[in-house]
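See structure below.
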Amino acid sequence: MSATVLTAPQSILTEEAHAKINLYLHVTGKRPDGYHLLDSLVVFAGAGDRLTYFPDSTPLTLELGGRFGATLGADAAGPDNLVMKAASLLRAASKPGARIQGGRLVLEKNLPVASGIGGGSADAAAALRLLNRAWHAGVETSTLLQLAEQLGADVPVCLASQTARMEGIGEHLSAGPVLPDCGMVLVNCGVGVSTPEVFRKREGAFHARADLPTRWASAQDLVDSLAQQTNSLEAPACQICPPVQDVLTTLAHLPEALLARMSGSGATCFALFSTPDQAYQAAQHLAEQQPDWWVWGGALV
Ligand SMILES: C[C@@](CO)(OP(=O)(O)O)[C@H](O)COP(=O)(O)OP(=O)(O)OC[C@H]1O[C@@H](n2ccc(N)nc2=O)[C@H](O)[C@@H]1O
Ligand SMILES: Nc1ncnc2c1ncn2[C@@H]1O[C@H](COP(=O)(O)OP(=O)(O)O)[C@@H](O)[C@H]1O
């Protein structure tokens, strides 16, 4: 009698690439090379892209899907995609004995592109985490952070995808205050804002480094504290792209919204709520009123 050979289904390897939100963002100075120094409290929302890997012996390829998969352009799945750049850097940094394979990477692009919530950065970080695991590449966290820095200023903070204070141009990370339970609504009205143009348009004195507590006891405490800070890029983004102001006004008037602000260099804006459920309900309602906007509501990571 021949033995039955049971084969396990092909293992599916998946990583979430959560949206990065700048709860405040102070431009505190400018480097000699023209890059601006920042002080920002970064959190991550439940919203995200999803990266899945099907390893095999064929050359590594990337497929794009999801609501925003088509908006990246014709060559989007090529070597310039941050996911493929991350894969190349990780391959080169892998330890001897790593089991590097090819196969298919599938990116479900659920986050709007170039919109101030770091979708591309989160995808790159997800690729580093996923392939380090799948390839048994043995790359340590300190090296992963160096690779992340090479991929973009927001990629290091996206590696852990946990609340963090971000300084320098994104390379100085420290623990942020402990956050209370709260909810968030994210809105993107579909109009793009160019990051370099927003930085160029910023005027006036630099903002100071913020003074933060070690924790906030409630969503109201968090909002009272955030009211002392701002997003230095919000005013220039609204000048360049007036619909951002409309989004902010709409968010501020949502029932039970505690604070409305822009994230990063825009154009995505967020509102904070006392609970994830309030945020979810507000997002459902808003999505019905504004079917052309990208709207998400729920909890932070
Ligand atoms: C503003 C932030 C805050 O988290 O988020 P996003 O709006 O991208 O989500 C980031 O610092 C965005 O950093 P990064 O993702 O590297 O920006 P890029 O698009 O590469 O930068 C484009 C250009 O913006 C300007 N720039 C960018 C970052 C910075 N700290 N100072 C700058 O002056 C530079 O002219 C740079 O060439
Ligand atoms: N996987 C990716 N997802 C999104 N953008 C990508 C990706 N790979 C490369 N890019 C490029 O990176 C740029 C910034 O993308 P993104 O991280 O979405 O910006 P933001 O931080 O402003 O939200 C895009 O304009 C796009 O051309």
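Read-outs: derived from the displayed coordinates by stated rules, not from any lab. It should be emphasised that the depicted structure is a prediction, and the values quoted were computed from it without experimental measurement. When we count neighbours, we look across all protein chains shown, and the Cβ atoms used for this are built from the backbone with ideal geometry, even at glycine.
How long are the semi-axes of the equivalent ellipsoid of the chain, taking √(5λ) for every eigenvalue λ of the Cα gyration tensor, in whole Å from largest down? Mind showing how you got there, number by number?
Values: eigenvalues 236, 99, 72 Å².
That gives 34, 22, 19 Å for the three semi-axes.
Measuring r between the beta carbons of ASP292 and ALA252 and using R0 = 25 Å, the FRET efficiency lands at 0.80. Remark: relative contact order (the range 235-299) = 23 percent; criterion is Cα-Cα distance under 8 angstrom and separation of 6 or more residues. Normalised by the number of residues in the range 151-235, the mean separation of alpha-carbon contacts (under 8 Å, six or more apart) gives a relative contact order of 28 percent.
Take the alpha carbon gyration tensor of the range 115-257, find the square roots of its eigenvalues, order them as a ≥ b ≥ c, and report rounded if a/c is under 1.5; if not, report prolate when a/b exceeds b/c, else oblate. Please list the in-between numbers first.
Values: a/c = 1.75, a/b = 1.42, b/c = 1.23.
In terms of gyration-tensor shape, prolate.
Most fluctuating residue of ALA76, ALA45, ALA124 in a GNM of the chain with Cα springs under 10 Å: which is it? Of ALA76, ALA45, ALA124, the Gaussian network model singles out ALA76 as fluctuating most.
Looking at VAL198, GLY168, VAL185, which one has the Cα that reaches farthest to the positive end of the dipole of the chain (charges on Cβ: Lys, Arg +1; Asp, Glu -1)? The residue sitting most towards the positive pole is GLY168.
Evaluated at q = 0.12, 0.14, 0.16, 0.19 Å⁻¹, the base-10 log of the normalised Debye intensity for the range 13-174, with identical point scatterers placed on the Cα atoms, takes the values -0.51, -0.68, -0.88, -1.18. From helices alone, the chain scores -9000 deg cm²/dmol at 222 nm; the rule is -39500 (n - 2.57) for each run of n ≥ 4 DSSP H residues, then divide by the residue total.
Averaging 1/r over every pair of different alpha carbons in the range 46-101 and inverting the result gives a Kirkwood radius of 13.1 Å. Spin-label pair ILE100-ASP75: with each label point 7 Å from Cα along the Cα-Cβ axis, the two points sit 2.3 nm from one another.
May I ask you to derive the relative contact order of the chain, considering only C-alpha pairs under 8 Å and at least 6 residues apart, and to give it as an integer percent? Worked out over the chain, it gives 22 percent.
The alpha carbon radius of gyration of the range 193-234, expressed as a multiple of 2.2 N^0.38 Å, is 1.51. Computed over the chain with a Gaussian network model linking Cα atoms closer than 10 Å, the most mobile of GLY119, GLY204, GLY102 is GLY204.
Over 18 Å apart: what share of the alpha carbon pairs of the range 177-299 falls there, rounded to a whole percent? Working shown, then result.
Numbers: 4033 of 7503 pairs.
Summing the P(r) of the range 177-299 above 18 Å gives 54 percent of all pairs.
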